[in-house]
Amino acid sequence: PFFVNEQYNHNYKKRKIRRFIKRKISNLINIKKIKLNKDKKILVYIHIFYIFSIQEIIEYLKNLEKYNYDLIVTCTKGEYTKIITEKIKKFKQDAKIIICENKGYDIGPFFEMLNQIDIEKYDIFFKLQSKGTFTRTNYIYNQLFRNRDWFEYMFESTLGSSYIHNNIDLLSKNNNVGIIAAKNLIIQDPKHKKNFTKKQLKNHNLKLKENYFFVAGTVYAERI
């Protein structure tokens, strides 16, 4: 069976029929936006660590079915590499798979991917990762996340059928918008993390704004 560890099956929801209906309704409602932006050059990048999430992530990727997009997937070397490759290739045959060392969480593979492509040839970029849903409760950034909250906030706001066409349209038309992500995940670091980040950047002769914001979970859509 694909889901090797059965106890985690309930954490990811394919909901294929429900998502299919919502996707088709959204395509009809947004037919003008789709027609206007269908030729945009879009790159979707995913780092997959939690293999159990692949089927649900694929359902989200289907919301891009009206667009011509390139898909790049990174995954770590190990026993699940073949499973990940087969599942991704079955969904999108021309997807590029990059095998990485298990270093740097999702950011290390992200930089490795960037070193292998010319991102400037794209108009819009989706940065995704297979966030786990195993923690029942997690209080972080002054917010309480339960069960699937973290995963759903990231993916619904970025690739959800209710948002995908508006996101692409907004990034295509509004030069004042650079990144789109879940509102509650655009946050500031606590003071001790700010100090640590500034210290690390200083070692590389880089400066950081005092009141910087970032996207927690590093799942977002970006205008290139």
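The values are calculated or read from the model by the stated rules, or taken from the named source; none is laboratory data. If you're wondering where the values come from, they're calculated on a predicted model, not measured in any experiment. Ideal geometry is used to build each Cβ from the backbone, glycine not excepted, and the neighbour counts take in all protein chains shown. For the accessible areas, the whole protein counts, side chains as well, though only heavy atoms, and no ligand, DNA or RNA atoms are used. Shrake-Rupley method; radii C 1.70, N 1.55, O 1.52, S 1.80 Å.
Structure notes:
- For the stretch 11-125, the share of alpha carbon pairs falling in successive 10 Å distance bins from zero is 12, 39, 35, 13, 1 percent.
- Annotation: per residue accessible area for the chain equals 59 Å², rounded to a whole number [probe 1.4 Å, protein chains only].
- The residue 101 and residue 206 beta-carbon pair, evaluated with R₀ = 35 Å, returns a calculated FRET efficiency of approximately 0.90.
- Ignoring aspartates and glutamates fewer than eight residues from residue 191 along the same chain, the ones with Cα atoms less than 17 angstrom from its Cα are 210.
- Extension gain, residue 213 back to residue 89 (0.36 nm per residue minus Cα-Cα distance, nm): 41.1 nm
- Given 32/87; 77/199; 32/173; 66/131; 121/207, the pairs whose alpha carbons are separated by over 21 Å: 32/87; 77/199; 66/131; 121/207
- Per residue, the chain reaches -10500 deg cm²/dmol at 222 nm when only DSSP H runs of four or more residues are counted, each adding -39500 (n - 2.57).
- Label-zone membership for the stretch 144-167, site residue 21, 7 angstrom Cα→C-beta point, backbone N under 17 Å: 161-162
- Of the solvent-accessible surface of the stretch 74-224, computed with a 1.4 Å probe and all protein chains present, 49% belongs to carbon and sulfur.
- With kT/(6 pi eta Rh) evaluated at 20 °C and eta = 1.002 mPa s, and Rh the Kirkwood radius from Cα pairs, the chain diffuses with a coefficient of 114 µm²/s according to Stokes-Einstein.
- Largest-first principal axis extents, alpha carbons of the stretch 93-224, Å: 42, 38, 36
- If the Kirkwood radius is taken over C-alpha pairs of the stretch 177-224, then at 10 °C and 1.306 mPa s the Stokes-Einstein diffusion coefficient equals 132 µm²/s.
- Note on the stretch 146-161 and the stretch 162-224: Cα centroid distance 17 Å, given to the nearest whole angstrom.
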